[in-house]
Structure formats: C-alpha cells, structure tokens
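Structure first, then comments.
The values are calculated or read from the model by the stated rules, or taken from the named source; none is laboratory data. As the structure is a prediction and not an experimental result, all values here were calculated from the model. Here the Cβ is made from the backbone with ideal geometry for all residues, glycine too, and neighbour counts use every protein chain on show.
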Amino acid sequence: WLTKTGKRKMPTPPQQNNHGNFIVSLGAMCAWLAPKAETLGVDLFPGFAAAELSYDDDDAVRGVIIGDMGIARDGSQKDGYVQGIEIRAGVTVLAEGCRGHLSKRAIGKYRLDADADPQTYGIGMKELWQLPEGRVEPGRIMHSIGWPLPPQIYGGSFVYHLDKNRLALGFVCGLDYQDPNFMPFEAFQQFKHHPMMRELLEGGEILSAGARALVEGGYQSLPKVEMPGAILIGDSAGLLNVPKIKGVHQALKSGMLAAEHLAEKRSAEGFDARLRSSEVVAELKKVRNIRPGFHKGLLRGLITAAIETATAGKLPRTLSNHADHDQYRKLDQESLKFDYVERELPPRDRLASVYFASTEHDEDQPVHLKIIEPDVCFTRCESEYGNPCTRFCPASVYERVEDDNGKRIQINAANCVHCKTCDIADPYQIINWVTPEGGSGPNYSNL
C-alpha cells in the first residue's frame, strides 16, 4: 500500500501468488511459437490485417476480408495498390484480444451481449527499463495499490524484475473513473516518482513502452461466444481474471477448448455451452464479485475482495457491472483531488513515450480513427466533459485545435499505439477504431 512518501507491506492475495511461474515477454514468446506453428502446417499472414468479416447468403460468418493495401489518405489508389483478399473458413475463430474491431462488430450484429452485463475495461501502460548493475533481483514481483490514485479510482501497479538488469513496470487504471480531467498516463508517471520507485529507476533508461486496454467484466459480462460460422475466445470473449491480473492462461485454455470442439464438431454450434461448463468460466465465476466490489471505492472494494476470496465466491449474489463511458461526471460537478509531485524521470510527456513504442503508420493512408459525429465534440462534449479524449489517450492522438476554420479535434493517427481506449471511453461512443493498413502500428520489443 503506497502513500505519497511511504509504503506498507500487505498480505499477498492468493490469486497473485506467482511462486513457480515464469516471467516471459509475450511478444517474444509469440515470435518463438510462430515458426513452430508453421512447422506443423499452420499458415501465418503477418503484415495483413483482417479488416472486415465476410458473410454468406444466410448471414453466417464465412471468413475475413484483408484490408486493401496502398490507399492514400484521400482514398485514392497509390501506385502500389493491392486489393484485399477474402479468406474463407468453415469456422472463424476471433482471437483479437481486448475490444477487437471484428469481435465488436460481431457482438453487435448477433446481439451476443443481450443477456450479459455491460463490459468494463481498464487501461494498462507498461515500460521496460535497463537499470544499473545490482538493482534488479531477477524473479521478484511487486504489486501496489494506493497513491497516486485517489480511492475512487480502481487501479494499481506491477513491477517485474527480469534478467540482464532489466525491469518491467506498469500501471493499470479502471476506465470507469468519474473525473473527465483524470489522465491515466500521468498517474503512471507519478507512480514512478514514489520514493521507492524513483530510487530504483534513477540512472536507468527506457528500452520500450506501450499501452493496451484490458477487459475486466469477467463472468457477468461474458457474451455468448458462438454465432453462425464463428466463435470468440480469449480476451475477445472477455476471459481475463482481474484479481489474478492474468489472461494469457485463459486465452490458451479457451483456444485449446476451441480446437477440441472444432475437431469434433466442425461447427461453432455448442461451443458456448462447452466454454461455460469448463474450468475457464468456473475460474471467472469464483472471482466475479471482486472487480465490481470496487465501484464504491477502495476500502469497500478491499473488504468485498477479502470476503469473496475467503468464501471462494460461493455467496449467493452476483454484483453488476456498469458501462465505463456512462460514469463520467460533468465538469460542473465535483472533481477528484490528486496529490501529485513534480516529476523528472523520462519520458517527459506522452509524445516522448510514443517513441519507445516504435509505432509506425504511413502518413499517407486513411485515418483509422473515426469520429462518427464530429459536431458533438464542440456542441456538447467540450462544455460537458472538456473533451476527455485529449487526456485518456496515452499517445496524444487527439488534440484540440483552434484556427481560422474554428475549433476541431485533430487526430494524430500516426501516434496511435492501438490500445483501443478511445473506442471504449468516449462518453458519447462516437469514436470508432478500425484497422489501419496491414503492418502499421506499434512494434513492441520484449514487452
């Protein structure tokens, strides 16, 4: 538990007992797995983004359509234009991670979430540091709650001591925070200036950085995971175990379950029942009340977490989740108080952080972030919420500009690190993230 200048050791929740586990870079692990999959006969298509779902005459999913390559920013075809192709499959498995753009469309089209609570999310930011000799204790893991967040905002930190004098650290904030002036990126940077962390980081350097939305709804928000011609697995389905702060094992298990199901049935039919009767969903049910227990603040959340952990989730109740974007208070309502310090550690701002994400987008391609109703930005959002997109984005994609043509939100799409926060947290749900040209985006190294 962190205060502004101090700390207090707390008992480790059993869900976060990591003894005997491995600390790996997921990006490096996927790169290691790729040639092994190809050896087994799996076709991989890196650099090609699935832009649309393909449907048959009965409105069932029959595959995906790869986005066109070589489209200029104005929509015209450049010299290297290549039309996207359709890839068909007997069953399409959507495994896009949190808030996947195809999964989002499929869930909406087939109303897969009709009987579920609204999904809820967090934003996770991470940096990899190279530190001076002797500071890192390989295998040590630390989590914290408390400062710099006020008790009304759900979140906390993680610190992983790696090999070669490297340290991975990050910060997660629930996207159901109520103050539209809150900036998750600043909270992360403040955490690094706690005396405990500053002493560890001073003299080091950032190697890479990134950000990604996390799906936190769990059991209550689990949509139906089958539809005609397709299924959802992993974080596309919302299988992250929030108290454990882990989802890779759930993604792997659901993927294995999907493989077994498709090998037996050759059909999506029946996969929803199969997943819900598995240990994957049983794990979510056991901890279903912990995340929504924090809706009324940190103290009540900790009490709820203790009770639910002690009873293994067997109490006859299920707390509800709420939609994140509905939680904002308007500017004329009371704002939260943040007790921040002056900071000196890198990066100096969000733009500097984008450099460490090695993100790359061709400037002459269509903008992949769409504001569906741009007039709302200044007819309503500015006065009601102060354009929170200019603050919740960890990469300064959204910028408020005023010139001879009036006010507008300028979209700096080349900065985008593909975290999906804007698609989730906009109070009017008028920002739509679509896939950019294949191969564009962040190139996370060892994250």
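Reported count of residues in the stretch 20-41, each being surrounded by fewer than 10 Cβ atoms within 10 Å (Cβ to Cβ) and either modelled with pLDDT under 95 or not in a helix (DSSP H, G or I) (or both), is 4.
Yes/no per residue for (1) in a strand (DSSP E or B); (2) free of Cβ contacts under 8 Å to residues at least 40 places away in the same chain; (3) of a type outside the set (S, T, N, Q):
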site	(1), (2), (3)
A209	yes, no, yes
A213	yes, no, yes
Y219	no, no, yes
P223	no, no, yes
K244	no, no, yes
L252	no, yes, yes
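Considering every residue within the stretch 164-177, establish whether at least one is under 14 Å from the mean Cα position of the chain (by Cα), among the charged types (D, E, K, R), assigned to a loop (DSSP other than H, G, I, E, B) and closer than 16 Å to G122 by Cα. Checked the stretch 164-177: at least one residue is under 14 Å from the mean Cα position of the chain (by Cα), among the charged types (D, E, K, R), assigned to a loop (DSSP other than H, G, I, E, B) and closer than 16 Å to G122 by Cα.
Using the structure shown, decide if K370 is basic (K, R), surrounded by 11 or more Cβ atoms within 10 Å (Cβ to Cβ), touching an Asp or Glu at 6+ places or on another chain (Cβ under 7 Å) and at pLDDT 95 or above. No.
Selection over the stretch 414-434 of residues that are within 18 Å of the chain's Cα centre (by Cα) and either of a type outside the set (S, T, N, Q) or at pLDDT below 95 (or both) gives a count of 14.
Between P132, P184, the distinction of being within 24 Å of the chain's Cα centre (by Cα) and not assigned by TED's automatic domain parsing to the domain that holds F392 belongs to P184 only. For P316, the stated conditions do not hold, so it cannot be described as at pLDDT 95 or above, over 20 Å from D176 (Cβ atoms), touching a strand residue (DSSP E or B) at 6+ places or on another chain (Cβ under 8 Å) and not hydrophobic (A, V, I, L, M, F, W, C).
In the stretch 286-294 there is at least one residue that is within 23 Å of the chain's Cα centre (by Cα) and over 22 Å from C173 (Cβ atoms). Applying the criterion of being of a type in the set (A, V, I, L, M, F, W, C) and more than 20 Å from the chain's Cα centre (by Cα) to the residues of the stretch 81-115, the residue that is farthest from M69 (Cα to Cα) is A114. Applying the condition of being in contact (Cβ under 8 Å) with a residue 40 or more places away in the chain and assigned to a helix (DSSP H, G or I) to the stretch 377-392 and asking which residue is nearest to the chain's Cα centre (by Cα) yields F392.
Matching residues to (1) touching an Asp or Glu at 6+ places or on another chain (Cβ under 7 Å); (2) part of a strand (DSSP E or B); (3) among the aromatic types (F, W, Y):
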residue	(1), (2), (3)
D57	no, no, no
I65	yes, yes, no
G80	no, yes, no
D117	no, no, no
M125	no, yes, no
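In the set (1) free of Cβ contacts under 8 Å to residues at least 40 places away in the same chain; (2) over 22 Å from R8 (Cβ atoms); (3) touching a His at 6+ places or on another chain (Cβ under 7 Å); (4) not hydrophobic (A, V, I, L, M, F, W, C), D163 fails one condition alone, (3). Hey, among the residues in the stretch 42-55 that are of a type in the set (G, A, S) and not in a loop (DSSP other than H, G, I, E, B), which one's surrounded by the most Cβ atoms within 10 Å (Cβ to Cβ)? Taking the candidates together, the pick is A50.
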